[in-house]
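Visitor: Mind having a look at this structure? Questions to follow.
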2 protein chains.
Amino acid sequence: MALGTDYEQQDCALARALEVVGERWSLLIVRDAFYGVQRFNDFLAHLGIPRAVLTARLNALVAAGVLRKEPYRQAPLRHGYLLTGAGLELWGPLYQLSRWGGRHATAGGAHHLFAHAVCGADLDVVGSCPRCGGGPVPPAEVVMRPNPARTGGRWDDPVSRALVRPHRLLEPIASAAVPA
Amino acid sequence: MALGTDYEQQDCALARALEVVGERWSLLIVRDAFYGVQRFNDFLAHLGIPRAVLTARLNALVAAGVLRKEPYRQAPLRHGYLLTGAGLELWGPLYQLSRWGGRHATAGGAHHLFAHAVCGADLDVVGSCPRCGGGPVPPAEVVMRPNPARTGGRWDDPVSRALVRPHRLLEPIASAAVPA
DNA sequence: CCAATAGGTTCAATGAACAGACCAATGATG
DNA sequence: CATCATTGGTCTGTTCATTGAACCTATTGG
């Protein structure tokens with residue numbers, strides 16, 4: 001996050017977390033990774049982020065161990081960006097922050113709803129399944145769908161287009177779903 | 001957050017949340033507010049943030065409805081910054097992000113531990129009490145204490161000094177605890 | 001040969017963050 | 001009465017990060 005000089009000395013795990021995912025676009029990139037976005041150009045089009053910034057953030061997230069690069073083609077070498085184990089554990093904070101935003105910072109509520117793929121029940125406030133019980137539902141078992149009460153945004157890129165129908169988290173999306 | 005131009009059109013509650021608390025210092029200010037920090041100078045000393053930036057962030061958080069100004073003295077008028085209802089609901093995301101930072105971004109684990117004030121049990125990964133069951137523990141029922149496995153940082157301000165002993169969240173701290 | 005695809009890098013201009021000095025109202029101190 | 005300390009700021013110049021646009025490289029398809 002490069003927060004001045006003495007950020008590293010903050011006696012708080014939160015400050016350390018923010019050094020990794022607190023940068024302007026980082027959490028949105030991680031969110032897209034949960035949605036199944038893997039390729040540079042898909043992040044680029046879906047986020048509307050400057051290319052140079054995307055390069056910097058992806059590299060930083062890889063260096064921090066949140067994402068890893070996975071080659072999907074040789075000649076010319078191309079790779080996607082996938083969540084590591086540590087990255088996958090960001091699902092909890094991400095989901096909760098998203099919930100908070102839906103309740104307090106978005107007129108009309110969230111654009112997407114999240115349900116347990118196994119039983120179909122909507123996740124509760126901490127991301128657990130109210131029907132199945134147990135702890136938080138792992139992201140691989142979560143299905144997202146658009147909120148019918150919200151008419152879609154004016155976005156038009158492969159990722160947004162794919163997300164108008166229900167989609168299981170972490171499943172490759174857009175270009176990655178149509179391999180060359 | 002002023003993320004370029006088109007941030008507002010992001011079709012995601014997360015982006016909206018980040019507009020409110022995604023700015024560089026915002027979440028650390030909110031964290032301090034949970035710790036019981038209320039006064040400008042205490043935020044200033046504990047965070048090591050530039051004064052102008054603190055002014056801007058506090059005003060933004062008030063405008064966003066996360067904090068509110070509460071006068072604690074007339075002549076000269078002075079006020080503290082307290083969490084609103086919406087602000088209090090940030091405890092979940094904040095706690096989870098902090099947990100994540102403790103596990104993945106901090107050598108040696110977190111500096112503070114959080115327990116249920118009612119029964120003394122440490123909170124679980126989503127912030128619930130494993131002994132009492134039920135949903136997430138509200139912040140007013142949480143006690144924080146320094147992690148004995150971590151020797152204290154080299155910080156020396158009223159807030160840090162107060163936090164070396166167990167402290168209940170939201171209870172006024174530092175200057176506010178010694179009213180004039 | 002030409003264009004398109006994919007994933008970048010480089011650049012100037014802008015905006016935000018930073019450190020430090022300064023300011024204003026009041027109450028305490030000598 | 002003069003001065004100083006407290007509290008919560010504002011102002012200023014410098015540095016750093018972000019932005020948008022153009023450019024670059026390697027390869028495949030037509």
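The values are calculated or read from the model by the stated rules, or taken from the named source; none is laboratory data. Here the structure is a predicted model, which is why all the values come from computation and not from measurement. So basically every Cβ, Gly included, is an ideal-geometry build from the backbone, and we count neighbours across all protein chains shown. Areas reflect the complete protein model, heavy atoms only, side chains present, ligands, DNA and RNA absent. Shrake-Rupley method; radii C 1.70, N 1.55, O 1.52, S 1.80 Å.
Visitor: Taking region B:11-42 as the search range and keeping residues that are open to solvent by less than 10 Å² (accessible area, probe 1.4 Å), at the interface with chain A (Cβ under 7 Å from one of its Cβ atoms) and farther than 14 Å from B:Leu90 by Cβ, which one is modelled with the highest pLDDT?
Guide: So, considering only residues that are open to solvent by less than 10 Å² (accessible area, probe 1.4 Å), at the interface with chain A (Cβ under 7 Å from one of its Cβ atoms) and farther than 14 Å from B:Leu90 by Cβ, the one modelled with the highest pLDDT is B:Ala15.
Visitor: What single numbered condition from (1) more than 16 Å from the chain's Cα centre (by Cα); (2) in the same structural domain as A:Gly22 (by TED's automatic domain parsing) fails to hold for A:Leu82?
Guide: (1)
Visitor: Being open to solvent by less than 60 Å² (accessible area, probe 1.4 Å), outside the structural domain of B:Val30 (by TED's automatic domain parsing) and assigned to a loop (DSSP other than H, G, I, E, B) is true for just one of B:Ala110, B:Ala115. Which residue is that?
Guide: Criteria check complete, one pass: B:Ala110.
Visitor: Having 2 or more residues that are within 16 Å of DNA strand D (Cβ to nearest atom) is the bar; report the helices (runs of 4 or more DSSP H) wholly within region A:6-101 that clear it.
Guide: It comes to A:13-21, A:26-35, A:40-47, A:51-63.
Visitor: Looking at region B:118-140, which of its residues are outside any strand (DSSP E or B) and open to solvent by less than 40 Å² (accessible area, probe 1.4 Å)?
Guide: Those that are outside any strand (DSSP E or B) and open to solvent by less than 40 Å² (accessible area, probe 1.4 Å): B:Cys119, B:Ala121, B:Leu123, B:Val126, B:Gly127, B:Cys129, B:Gly133, B:Val137, B:Pro139.
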